[in-house]
Amino acid sequence: MGIPKRVSLRFQQLPGGHGRSAARKRQRRGGAARLLVAGCAVLTTACALAASYPSKPIRLVVPFPPGGGNDLVARLLAPPLGVALGHNVVVDNRAGGGANIGAEVVAKASPDGYMVLMGAVVHAVNATLYGKLGYNLVKDFAPVSLLASTPNVLVVHPSVPVKSVKELIALVRAHPGQLDFASAGSGTSPHLAAALFNNMTGTTLHHIPYKGSAPAMVALISGECAIAFVSVPSVIQHVKSGRLRGIAVTSELRSSMVPNLPTISESGVPGYAAGGWFGLLLPNGSPSDVISRLQSESVKVLKAPDLRERMEANGLAIIASTAQEFGVYLRAEVEKWGNVVRTAGMRVE
C-alpha cells in the first residue's frame with residue numbers, strides 16, 4: 001500500500017530528508033520552551049520566597065549552652081533583628097559535639113532562610129580537628145555576615161601564684177603537665193589558644209574540656225582548674241570583681257575592655273595571636289535575595305548606636321561584613337587553624 005498522496009506531496013516539497021530535520025528542530029524548540037517555562041517557574045517561586053521573607057519566625061541556632069560568648073552575641077542580636085525583619089528571631093541552643101551538632105542541624109535544614117547558624121571559629125577548627133563531620137563548612141553553608149570578633153583573655157584562679165605571662169611560663173615549666181586549663185570543648189577557640197600557647201612557649205598545660213563556656217567558667221572559678229583562655233564577654237565581669245585574675249589578651253592589639261592587660265605577644269611570646277569571631281551562616285542553596293535581606297538587616301541593627309554600645313560593653317568589636325567578605329574570611333580561617341591543628345597533632349575521631 002503506497003503513501004497517501006497528501007502526505008507524499010508534503011515530503012516532495014522538502015527534498016533530502018528536510019521534513020524529518022524540521023520535525024526534529026520543532027521538537028528541540030518545544031523541549032527548550034518547556035525547560036524555559038520550568039526555569040521561569042522555579043525563578044518565580046524563588047523570587048516570591050525572597051519577596052515575602054520572612055513570613056514566620058526565624059530560628060537562630062547557637063551550637064553551645066546558654067552563657068557563653070556565642071550565646072551572648074545571639075541574644076543581643078536576635079531582638080532588634082526580629083523587629084527589623086518583622087518576625088521574631090528565636091535563639092535555639094543546640095549544644096554538644098564540639099559545636100558540631102548545631103552546625104549539622106542547620107547544614108541539613110531546608111535552604112529557605114528560617115534556620116540560621118551562629119557560626120564561630122570553632123567550626124573553622126573542626127574542619128581539620130575531626131576525622132568525620134556530618135557537614136562541610138565551606139561547601140554546605142552560605143555565608144551571610146561576619147558580625148563581630150573578640151579576643152580571649154588568659155586568666156588564672158586567684159590561688160595560682162602568677163601575675164604575668166613570663167611567671168606563668170616559668171611555673172608551668174617547673175610543673176610540666178600538672179596545671180589544668182579549662183576550655184569550652186575540644187577544638188573551641190579557647191582550646192586552640194592554649195594549644196598555640198603550648199606550641200610557642202614549649203609548655204605543657206593540661207587540657208580539661210567542658211561542654212560550653214559556662215561550665216568551664218564554673219570549674220575555673222571554683223578552683224577545679226587553674227587556667228583558661230576565655231572570651232572577653234564571658235570573663236570580663238569576673239576579672240573586674242577579682243574572682244579571676246587577668247594575665248593577658250590573645251589578640252594582636254590590646255582590648256578596650258581590659259586596656260591594662262598586655263597582649264601575650266608583647267609579654268614575651270612575639271607573634272602570638274588568637275581570637276574568637278561570630279558570624280551568620282545559612283544552608284547552602286539559600287536564595288541570594290534571602291541572604292541579602294538577612295545580611296543587610298543584620299548590618300543595620302549592628303550599626304545602631306544602642307546595640308553597638310551593648311556589644312562593645314561586652315568586649316565585642318563590630319565587623320558587620322558582606323556575605324562575600326565573610327566567605328573569603330571563612331576559607332582563610334579553615335586554612336589557618338588547620339595548620340595549627342596539624343602542627344599540634346590534634347585529632348578527634
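Where a number appears in this text, it was derived from the coordinates with a stated rule and is not lab data. The structure displayed is predicted, hence computed values, not measured ones. When we count neighbours, we look across all protein chains shown, and the Cβ atoms used for this are built from the backbone with ideal geometry, even at glycine.
Structure notes:
- The chain - percent relative contact order, Cα under 8 Å, separation 6 or more: 25 percent
- Helical content of the chain, expressed as a calculated mean residue ellipticity at 222 nm, amounts to -15500 deg cm²/dmol (DSSP H runs of 4 or more residues, -39,500 (n - 2.57) each, divided by residue number, nearest 500).
- Evaluated with a Cβ-only charge set (Lys, Arg +1; Asp, Glu -1), the chain carries a dipole of roughly 2300 debye about its Cα centre, given to the nearest 20.
- For segment 196-270, averaging the sequence separation of C-alpha pairs within contact (under 8 Å, six or more residues apart) and dividing by the residue count gives a relative contact order of 20 percent.
- Computed from Cα atoms, the angle from the helix 189-201 axis to the main principal axis of the chain rounds to 60 degrees.
- Acute angle (nearest 10 degrees) that the helix 69-85 long axis makes with the longest principal axis of the chain, alpha-carbon atoms: 40 degrees
- For Leu179, distant residues with modelled amide H under 5 Å away: His206
- Pairs with C-alpha atoms separated by more than 21 Å, drawn from the list Lys56/Lys139; Lys163/Lys211; Lys163/Lys240; Lys139/Lys336, are Lys56/Lys139; Lys163/Lys211.
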